[in-house]
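The values are calculated or read from the model by the stated rules, or taken from the named source; none is laboratory data. All values reported here derive from a predicted model rather than from experimental measurement. Glycine gets a Cβ as well: all are built from the backbone with ideal geometry, and neighbour counts include every protein chain shown. Just the protein is used for accessible areas: all its heavy atoms, side chains included, with ligands, DNA and RNA removed. Shrake-Rupley method; radii C 1.70, N 1.55, O 1.52, S 1.80 Å.
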Amino acid sequence: MSRWPQCRGSLNGSQPGAMGQRGNGSGRGEAADEESCGAVSVAFPLIMMSAGIVGNALAMLLVSRSYRTKESRRKRSFLLCIGSLALTDLLGQLLTSPIVISVYLANRSWDAVDPSGHLCPFFGFSMTVFGLCPLFIASAMAVERTLAIRAPHWYASHMKTRVTRTVLLVIWLSVVAFALLPVAGLGSYSLQWPGTWCFISTGDRQLTGSLFFACTFAILGLLSLVLTVACNLATIEALVARCRTQGSSPRSSKQWGRIAMETLIQLLGIMCVLSACWAPLLIMMLKVLSSPSSFEHCRTFPSGAPRPELHRECKFILTAVRLASLNQILDPWIYLLLRKILLEKLCQAATAVSKCSNTEWKERSSSLAQEMRQ
């Protein structure tokens, strides 16, 4: 199954499948080999797995403590979504990262880790499930926040904890059912460059099932991103409008302004992180599906040493996957862990800038008034 080169310097680095033998024996082949190995260091999955486990486990601990308090009754739907997101990201890290690390330690030989060939479909299934589930949960949380701000009366009477649990269960079951479509013959999972991970196959364009499965994944992911951004923008617009109306009541304006500022910063952070982490991979999948011939070298290397520009395209795909995996690490920090620490600092900075601007404007106004009197 392994069609990718192994890193030079290993015991089996001189096999026919190794990249050094595919070159012409010149320094260019060795340089390309070293560049390829350097681009796929084992340090990345090790660091990402450690950070993901620590962050998501800590987030689940904080959610479980907050959920039991009486003061958090109104926030239980939100806390359920946060806890489900942290659990999903944690399971994704535990099920996929050890496999990637094992393949790296085996000199990127997938056959050494998966001689039966059954691990690749499981890995692709896990990537699909733990890729779509966080996106859908983030969309559900964005819808929940929009309803809470724009329709508070409807939200208070209809959004119960039971409804949130039902929605989360539907998301999980729907994504699992979608990821199992290759078992029914609709789509497939295959080994991806540089031979350390498996994902939805995008090379079988002649097969309608594979094309439909890959396109559906990318479109669902992009639609989820669009829904999240649209709901967050609607929430921001409602918060700004309410801040203007609250300005007439000085007692509540300060407290409401602080809450609104924290929420605005958090929503902007969520949109930026989600878009930066997931948009490259989803757009790249659609690009590969639209022109598969331009990425054929990322599935089977030619007999000669690959050109640097071809390496860059393959590395971009790998970088896009790492960015999507990075979202599993950043999720708990954005939604929960850094909410009080970071947002308070940002709000203090924003307030200080606002006060400085107001003070400067007042000083200019007073000096202008004195000049007019003179």
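Whenever a residue of region 229-246 is under 18 Å from Leu135 (Cα atoms) and of a type outside the set (Phe, Trp, Tyr), its partners that are surrounded by fewer than 15 Cβ atoms within 10 Å (Cβ to Cβ) and modelled with pLDDT of 85 or more, lying with C-beta atoms within less than 8 angstrom and at least six residues away or across chains, give the pairs Val229/Ser275. Here is the figure for region 221-268: residues that are modelled with pLDDT of 80 or more and crowded, with 16+ Cβ neighbours inside 10 Å total 14. Can you find a residue in region 184-191 that is in a helix (DSSP H, G or I) and either among the aliphatic types (A, V, I, L, M) or open to solvent by less than 30 Å² (accessible area, probe 1.4 Å) (or both)? Within region 184-191, one or more residues are in a helix (DSSP H, G or I) and either among the aliphatic types (A, V, I, L, M) or open to solvent by less than 30 Å² (accessible area, probe 1.4 Å) (or both). Residues that are basic (Lys, Arg), open to solvent by 20 Å² or more (accessible area, probe 1.4 Å), in contact (Cβ under 8 Å) with a residue 40 or more places away in the chain and in a helix (DSSP H, G or I) do not occur anywhere in region 55-74. Mind checking whether some residue in region 90-97 is at pLDDT 90 or above, part of a helix (DSSP H, G or I), of a type in the set (Val, Ile, Thr) and touching a strand residue (DSSP E or B) at 6+ places or on another chain (Cβ under 9 Å)? Yes, because at least one residue in region 90-97 is at pLDDT 90 or above, part of a helix (DSSP H, G or I), of a type in the set (Val, Ile, Thr) and touching a strand residue (DSSP E or B) at 6+ places or on another chain (Cβ under 9 Å). Do we find that Thr196 is modelled with pLDDT under 90, within 23 Å of Ser84 (Cβ to Cβ) and not aromatic (Phe, Trp, Tyr) in this structure? In short, no.
Per-residue answers, yes or no, for (1) out of contact with any helix residue (DSSP H, G or I) (no Cβ under 7 Å at 6 or more places or on another chain); (2) on the phi < 0 side of the Ramachandran plot; (3) open to solvent by less than 20 Å² (accessible area, probe 1.4 Å):
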site: Pro134; (1), (2), (3): no, yes, yes
site: His153; (1), (2), (3): yes, yes, no
site: Ala156; (1), (2), (3): yes, yes, no
site: Met159; (1), (2), (3): no, yes, no
site: Arg162; (1), (2), (3): yes, yes, no
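The lone criterion from (1) closer than 23 Å to Ala86 by Cβ; (2) out of contact with any helix residue (DSSP H, G or I) (no Cβ under 9 Å at 6 or more places or on another chain); (3) in contact (Cβ under 8 Å) with a residue 60 or more places away in the chain left unmet by Leu173 is number (3). Residues in region 272-291 that are open to solvent by less than 20 Å² (accessible area, probe 1.4 Å) and modelled with pLDDT under 85: Val288, Leu289. Is it true that some residue in region 35-42 is open to solvent by 40 Å² or more (accessible area, probe 1.4 Å) and at pLDDT below 60? Scanning region 35-42, I find at least one residue that is open to solvent by 40 Å² or more (accessible area, probe 1.4 Å) and at pLDDT below 60, so the answer is yes. Modelled with pLDDT of 85 or more, out of contact with any helix residue (DSSP H, G or I) (no Cβ under 7 Å at 6 or more places or on another chain) and of a type in the set (A, V, I, L, M) - does that describe any residue in region 138-148? Looking for residues that are modelled with pLDDT of 85 or more, out of contact with any helix residue (DSSP H, G or I) (no Cβ under 7 Å at 6 or more places or on another chain) and of a type in the set (A, V, I, L, M), one finds none in region 138-148, hence no.
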